[in-house]
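Down below is the structure, laid out as structure tokens.
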Amino acid sequence: MCGIVGYTGKREAVGLLMDGLRCLEYRGYDSAGVSFFEEGRLETVKAKGRISNLEARLSGQEHCSHCGIAHTRWATHGAPSDTNSHPHTAKHLSLVHNGIIENYAQLRRELEEQGAVFVSETDTEVAARLIDSLYEGDPMEAIIRALKRLRGAFAFGIVFRDYPDRVYAVRNASPLIAARGEGESFIASDIPAILPYTKQYYILESGEMAVLTPDAIQFFDWEGHPVQKELLTSTLTVQQAEKGGYDHFMLKEIHEQPQALRDTLSPRLADGLPDFSSDGLAPDFFRGVSHIHIAACGSASYAGQVGRWAIERLARIPVTVEIASEFRYQDPILAPGDLVIVISQSGETADSLAALRLAKERGVPTLAIVNVAGSSIAREADFVLYTHAGPEIAVATTKGYSVQVGILYLIALRAALEREILPREACAGLVSRLQEALSLLPQALELEKDCSRAAQSLRDVSSMFYIGRGQDHSLSLEGALKLKEISYIQCEAYAAGELKHGTISLITQGTPVVALLTESELAAKTVSNIQEVKARGAMVIAVCLPGISLPEGLCDILITLPPLPELFAPLGAIIPLQFLAYHTACLKGCDVDKPRNLAKSVTVE
Ligand code: G6P
């Protein structure tokens with residue numbers, strides 16, 4: 001949510017900062033801006049809308065800058081506009097911000113009383129003018145004094161007119177890294193922005209700040225005391241953060257799912273059984289767990305819903321899945337023996353992080369399922385199981401979701417084994433079934449053509465439904481979210497049996513209903529529900545396992561899945577739902593990788 005890049009060093013800074021912004025555009029694309037030193041002057045250029053608008057404003061100018069900061073915005077305070085864009089400038093400085101200054105209104109009043117004139121509606125300008133008002137020639141001192149007044153979550157990149165080769169960085173909650181190359185230093189909200197130049201980076205912690213020059217990065221706490229930090233090396237590659245011949249990152253990431261799942265699950269299998277010892281989990285970690293609370297946002301919470309079915313069925317541990325933003329404010333009942341699992345692709349989602357902190361405060365053990373190494377949730381949880389999906393760039397998650405479901409299956413199997421509900425042989429048998437499901441994913445990917453044909457019938461609709469029972473209902477939540485977020489079609493996921501209790505009134509002639517059938521035990525009931533919507537004129541697209549037979553003429557379009565084992569069918573069944581959303585969005589001309597109003601990493605509450 002908002003992306004920051006900063007640079008000082010031997011290369012031309014404006015081009016480098018623009019490239020960095022492109023890598024961070026997934027964090028928000030309401031506006032973009034850059035401040036840079038050229039011939040001793042501090043220049044600022046910004047533009048509402050995509051980075052390409054900023055590019056257009058910068059085009060035709062040759063730059064010879066070596067230091068600057070840049071920003072891509074996901075608007076919180078103040079509508080997307082040129083003036084509300086970052087960087088925000090004041091007499092002595094220019095500043096970019098990711099986060100929210102919670103006491104901005106009070107600070108703004110105080111600064112206005114002292115004569116400050118504000119030009120934007122943002123909370124960020126308050127931080128810029130506050131630091132500016134405290135500046136007496138020493139940037140560190142001004143920043144430290146300002147930090148004592150600022151409340152909220154923020155990561156700042158700041159340049160001061162008097163110091164044209166320095167970038168200052170501050171972190172409180174919102175993520176920020178600092179990186180070193182030869183004769184150059186960087187800051188960024190995320191690693192892909194620095195990957196073409198260096199793999200060596202530091203994670204700024206909350207309560208730390210950094211001063212960057214071309215030759216060094218110095219770290220301090222907010223009292224100004226030096227801090228020693230560990231230099232880390234990223235294992236990501238530039239290629240992983242590129243489209244690799246696909247039209248969109250989303251399409252590439254859908255196709256990467258079989259590999260991502262293998263990379264995530266294989267290291268956790270020993271002698272054909274699930275084994276989390278290399279993640280630091282004791283052999284009886286799940287044995288005494290009496291209740292699991294899963295807290296997550298968006299698709300991660302829907303992965304949790306699928307996981308709940310598996311854990312409850314296999315390990316007989318009650319599982320509740322809570323939306324993280326609700327969990328933290330509902331005074332959750334957490335008892336001894338409980339385990340809180342926080343699921344997050346980015347590891348930075350503010351509400352999920354807050355849920356994790358609440359669980360820790362209450363003394364309940366916490367286990368994080370996270371994709372991004374070194375992220376806040378990964379570092380703060382008592383235990384972490386990393387998913388190995390690689391970088392996910394498309395805002396709508398695909399492989400990030402699948403690997404979360406995959407690891408929840410392993411948790412279910414491991415817990416069942418530890419609790420002696422499943423004997424070793426039975427558990428090993430189910431692990432083989434899980435591997436069989438993985439081996440069938442390439443066949444599920446071959447359904448793309450069928451899905452793109454089916455998408456033709458969705459391009460002009462304004463509302464539709466997904467229905468299913470049991471794990472299919474959990475799966476339909478994710479299918480419907482995918483379609484909503486990238487194609488902007490109003491779409492509701494409904495438990496198939498519940499539709500008749502009100503919502504069926506919305507079904508009229510031609511309303512599309514996607515029906516999921518991956519559980520043979522429940523199929524007959526779902527078929528009845530399909531008949532009910534069909535009788536009211538629905539256009540039915542059924543996504544069905546081959547072993548489940550449907551009455552002749554029941555559906556208008558049939559998408560037959562490969563013969564996936566039922567228990568793990570969601571891993572394959574999600575693929576056509578992703579394709580359906582993807583191709584519908586493409587047909588409608590939507591910006592698939594950067595849907596309107598969204599950001600991938602939501603670091604505000
Ligand atoms: C955003 C993304 C979703 C994602 C959710 C949770 O809303 O657009 O795709 O599921 O955040 O993100 P996380 O990184 O915590 O999994």
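The values are calculated or read from the model by the stated rules, or taken from the named source; none is laboratory data. What you are looking at is a predicted structure, and each value in this text was computed from that prediction instead of being measured. Backbone-built Cβ (ideal geometry, glycine too); neighbour counts: all protein chains shown. Keep in mind that these areas ignore ligands, DNA and RNA; they rest on the heavy atoms of the full protein, side chains included. Shrake-Rupley method; radii C 1.70, N 1.55, O 1.52, S 1.80 Å.
For this structure, a couple of remarks:
- Whole-Å semi-axes of segment 473-546's equivalent ellipsoid (Cα gyration tensor): 18, 16, 11
- Coordinate range of the alpha-carbon atoms in the chain per principal axis, descending: 78, 53, 44 Å.
- Kirkwood hydrodynamic radius over Cα pairs of segment 471-605, then Stokes diffusion coefficient at 25 °C and 0.890 mPa s, in µm²/s: 156
- Amide H contacts under 5 Å for VAL540: VAL513, ASP556, ILE557, restricted to partners 5 or more places along the chain or on a different chain, H placed in the peptide plane at 1.01 Å from N.
- Here segment 311-353 is treated with +1 on each Lys and Arg Cβ and -1 on each Asp and Glu Cβ, and its dipole about the Cα centre works out to around 220 debye.
- Debye-sum result for segment 173-253 in log10 I(q)/I(0), which assumes one identical scatterer on each alpha carbon, at q = 0.15, 0.18 Å⁻¹: -0.59, -0.77
- The 1.4 Å probe gives accessible areas that order TYR329, TYR409, largest first, as TYR329, TYR409.
- Only one residue of PRO274, GLY497, SER325 has its Cα farthest out toward the positive end of the dipole of the chain, where Lys and Arg carry +1 and Asp and Glu -1 on Cβ, and that residue is GLY497.
- Convex hull volume per residue in cubic angstrom - Cα atoms of segment 329-468: 182
- Across the chain, the relative contact order, built from alpha-carbon pairs under 8 Å that are at least six residues apart, equals 12 percent.
- Kirkwood Rh, angstrom, segment 212-302 [1 / mean 1/r, Cα pairs]: 18.8
- For segment 566-581, putting each phi into the Karplus relation 6.51 cos²θ - 1.76 cosθ + 1.60 with θ = phi - 60° gives couplings of 4, 4, 10, 4, x, 4, x, 6, 5, 4, x, 5, 5, 4, 4, 5 Hz, in residue order, rounded to whole numbers and with x for Gly and Pro.
- Selection from PHE156, VAL238, VAL167 lying farthest towards where the dipole of the chain points positive, charges on Cβ: VAL238
- For segment 287-382, trypsin sites (Lys or Arg not before Pro) meeting the loop criterion (DSSP other than H, G, I, E, B) and having at most 15 other Cβ atoms within 10 Å: ARG287, ARG316, ARG362.
- Basic side chains Lys and Arg get +1 at the Cβ, acidic Asp and Glu get -1 at the Cβ, and with that the dipole of segment 47-188 about its Cα centre reaches some 340 debye.
- Alpha-carbon Rg with Dmax, taken over segment 411-488, Å: 17.9, 52
- On the principal axes of its alpha carbon atoms, segment 45-192 extends 41, 33, 27 Å, with the longest extent given first.
- Gap separating the Cα centres of segment 1-52 and segment 74-125, nearest whole Å: 18
- When peptides 171-184, 109-122, 508-521 are ranked by their average number of other Cβ atoms within 10 Å per residue, the highest-first order is 171-184, 508-521, 109-122.
- Each of ASN103, PHE219, PRO423 was placed along the dipole of the chain (beta-carbon charges, centred on the mean Cα), and the one lying farthest toward the positive end is PRO423.
- Dipole magnitude (debye, nearest 20) for segment 455-566, charges at Cβ of Lys, Arg, Asp, Glu: 240
- Translational diffusion of segment 502-579, µm² s⁻¹ [Kirkwood Rh, Cα pairs; Stokes-Einstein; 37 °C; 0.692 mPa s]: 255
- Amide H contacts of TYR466: GLU492, ALA493, TYR494, VAL514, each under 5 Å away and 5 or more positions distant or on a separate chain (H built 1.01 Å from N in the peptide plane; Pro and chain starts excluded).
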